[in-house]
Structure formats: structure tokens, C-alpha cells
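Throughout, read-outs are computed from the coordinates displayed, never taken from laboratory work. These numbers were taken from a predicted model, which means no experiment stands behind them. Cβ placement follows ideal geometry from the backbone for every residue including glycine, while neighbour counts extend to all protein chains displayed.
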Amino acid sequence: MDNAFIRVHSGELQGVPLLEISGDIDLSTLPHLQRALEGALNKKPQRLIIDLRKVSFVDSSGVGALIGAKKKLMTRHGELYIICGEDHVRRKLGLMRLGNIMRLHSTPEEVCECIKEEQTPS
């Protein structure tokens, strides 16, 4: 799914649905992002990975969309994983204390390790 300011590529990582997003996430691109999130969530996954490493800007409307996705996953005891590298997006999400409600990761490998640990019986 593409428009002039945002691109969303759907895929999988270790069998978990993955949305790779690039460009700007703001009020003008929010409908596009929401359609992509709804498309992924309508398949009722237990987990969803969103890769924001190629996002150049995210505003509060974009953060709200991520929180909405997390809430939908919580209704089925699911989990949202955010890959955001170590740049401004991670700092913004951290400042908003979203690390307390979502899993923020630097790399896809980190997400895979986290999922693997969760699937290992304790």
C-alpha cells in the first residue's frame, strides 16, 4: 500500500504478520496507515510487528493509531511489537512512555528473540 508520503509493505517475520512502514506518519497519512493496520488486524493475529525504522516523522495521530492497534490485540490477549531502531521515533515513543504498554525493539532479530522466549515454556 503506497501513497505519496507513506509506504506500507506487508510481510511476515518468523510467522508473525509484519507491517514495514516508511515515510511520514501524520494526520494526512493516517487514513492510509489505519487501513493497513485494519487489514492486518482483521486477520485476527495473536501478534503483530510494526517496523518503523524507515519512518522519518510521526505525530500524535500516528501514535494514537499504534495505541489503537495495541488495544485491539489486547482484546485477544495478543501482543504488538514495534521495531524503531535507536532514532527519533524511538525517543518520541519513549518520551510518551509507550515502552510501558508496547514492546519497543531496535532490530528484527530482537523481536524474533523476544517471540522465541515467549513461546518457550517456563
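The table below lists the values:
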| read-out | value |
| --- | --- |
| Over the stretch 21-65 - Rg/Rh using Cα atoms and the Kirkwood inverse-distance radius | 0.97 |
| Using a Förster distance of 35 Å, the FRET efficiency for K44-R91 (Cβ separation, nearest 0.05) | 0.60 |
| Linear extension gain, E117 paired with K71, 0.36 nm per residue minus alpha-carbon span | 14.3 nm |
| Fraction of alpha-carbon pairs over 21 Å apart in the chain - percent | 32 percent |
| Top positive-direction residue, dipole computed over the chain with Cβ charges, set L52, M102, V8 | M102 |
| Formal net charge of residues neighbouring Q119 (Cβ-Cβ distance under 14 Å; K, R +1; D, E -1) | -2 |
| Charge dipole magnitude, Cβ of K and R +1, D and E -1 - the chain, Cα centre, debye nearest 20 | 460 debye |
| Highest to lowest packing among 7-15, 64-72, 50-58, scored as the average C-beta count within 10 Å | 50-58, 64-72, 7-15 |
